[in-house]
Amino acid sequence: MRNPGVKAAVRLRKPSERRRTGRTLVEGYRELLRAAESGWPVETLFVCSPLFLGDNEAGLIERCRSMGAELVECAEPVFRKMSYRDRPDGLLAVAPLVRRGLDDLALPPNPVLLVVEQIEKPGNLGTILRSADAAGVDAVIVCDGKTDLNNPNVIRASVGTLFYMPVAEAGLETTLAWLSAKDIRLISAVPGAQRNYFECDMTGSVALAVGAEQYGLTETIREASHELVSIPMCGRNDSLNVASAAVLMMYEALRQRSPVSSP
């Protein structure tokens with residue numbers, strides 16, 4: 001690994017290095033395609049053609065090059081040293097961090113938002129972002145995150161959704177004040193709440209909140225909520241994975257907002 005660019009890319013696995021440089025890693029064809037489609041600037045693209053899985057890589061590489069990316073051809077052992085995947089597909093890029101605040105969110109009338117508090121696992125956060133896009137959520141607010149939003153595994157689990165989904169990071173108190181100022185009702189998923197989530201009105205301007213994997217939502221956000229709802233648990237487990245809980249809440253909001261089909 002004599003190439004200083006390769007060494008720099010390997011160092012970006014560390015959160016401290018990502019914060020210091022303002023850069024992160026984007027690995028994989030689909031993730032890189034989402035970044036390019038969103039106009040996100042790829043600065044350096046490392047390429048290893050023996051690892052390609054299909055025939056579409058050349059077009060994406062040219063697209064990134066035309067957007068200003070520096071192309072670096074790598075031998076397979078070098079690429080595998082950089083890769084953080086078990087089965088790399090020959091494409092890995094260095095790109096600027098995604099940094100958005102609440103003021104960067106442009107909301108439509110009667111938005112549906114998702115607020116996630118203190119999420120710890122990158123895979124869960126990435127899955128939540130991907131699901132929010134699928135469910136038509138207007139924005140995701142990450143409060144007091146315990147994992148780096150730009151963690152390469154968040155990007156991987158979101159399949160690049162991070163680059164185009166409106167996602168903002170903010171402290172909880174700031175978020176609560178922002179929601180209140182915009183008259184957005186806060187509906188929080190809490191184990192043991194008396195009302196089931198599908199009995200709650202999720203039309204109008206709403207923010208749906210889910211909390212950390214182990215401890216759930218903090219008392220601060222519970223007390224600020226307009227309504228607490230629970231997800232029925234019919235087996236022996238007393239809670240769901242946070243990404244699963246978020247999916248149920250978001251799709252219930254989508255169901256309630258969808259026009260009723262004619263018989």
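The values are calculated or read from the model by the stated rules, or taken from the named source; none is laboratory data. These figures come from a predicted structure and were not determined experimentally. Please note: Cβ atoms are built from the backbone with ideal geometry, for glycine as well, and neighbour counts cover all protein chains shown. Protein only, heavy atoms only, side chains kept; ligands, DNA and RNA dropped before computing areas. Shrake-Rupley method; radii C 1.70, N 1.55, O 1.52, S 1.80 Å.
Only one entry in 106, 58 is more than 26 Å from residue 148 (Cα to Cα) and loosely packed, with under 13 Cβ neighbours inside 10 Å, namely 58.
Quick check on my filter: what residues within region 28-44 are open to solvent by 40 Å² or more (accessible area, probe 1.4 Å), assigned to a helix (DSSP H, G or I) and of a type in the set (D, E, K, R)? Once the filter is applied, which keeps residues that are open to solvent by 40 Å² or more (accessible area, probe 1.4 Å), assigned to a helix (DSSP H, G or I) and of a type in the set (D, E, K, R), region 28-44 yields 30, 34, 37.
Yes or no, residue by residue, for (1) assigned to a helix (DSSP H, G or I); (2) out of contact with any His (no Cβ under 9 Å at 6 or more places or on another chain); (3) among the charged types (D, E, K, R); (4) at pLDDT 95 or above:
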{"position": "10", "(1), (2), (3), (4)": "yes, yes, no, no"}
{"position": "46", "(1), (2), (3), (4)": "no, yes, no, yes"}
{"position": "60", "(1), (2), (3), (4)": "yes, yes, no, yes"}
{"position": "63", "(1), (2), (3), (4)": "yes, yes, yes, yes"}
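As a summary of the residue check, residue 69 satisfies the conditions (1) farther than 23 Å from residue 159 by Cβ; (2) touching a Ser or Thr at 6+ places or on another chain (Cβ under 7 Å); (3) of a type in the set (Gly, Ala, Ser) except for the one numbered (1). Within region 60-73, residues that are over 16 Å from residue 25 (Cα atoms) reach no partner that is among the small types (Gly, Ala, Ser) and open to solvent by 90 Å² or more (accessible area, probe 1.4 Å) with beta carbons closer than 7 Å at six or more positions or on different chains. Of the residues making up region 133-154, those that are over 23 Å from residue 95 (Cα atoms) and either in contact (Cβ under 8 Å) with a residue 24 or more places away in the chain or open to solvent by less than 10 Å² (accessible area, probe 1.4 Å) (or both) are 135, 136, 137, 138, 143, 144. The C-beta contact set for region 175-193 (first residue open to solvent by 70 Å² or more (accessible area, probe 1.4 Å), second residue assigned to a strand (DSSP E or B) and not hydrophobic (A, V, I, L, M, F, W, C), distance under 7 angstrom, 6+ apart or interchain) comprises 191/216; 191/230.
Under the condition of being open to solvent by 40 Å² or more (accessible area, probe 1.4 Å) and not basic (Lys, Arg), which residue from region 114-132 is farthest from residue 241 (Cα to Cα)? This residue is 118.
Kindly establish whether residue 24 is open to solvent by less than 30 Å² (accessible area, probe 1.4 Å), closer than 29 Å to residue 144 by Cβ and hydroxyl-bearing (Ser, Thr, Tyr). Break it down stepwise before answering.
Working: open to solvent by less than 30 Å² (accessible area, probe 1.4 Å): yes; closer than 29 Å to residue 144 by Cβ: yes; hydroxyl-bearing (Ser, Thr, Tyr): yes.
When the stated conditions are applied, residue 24 passes them.
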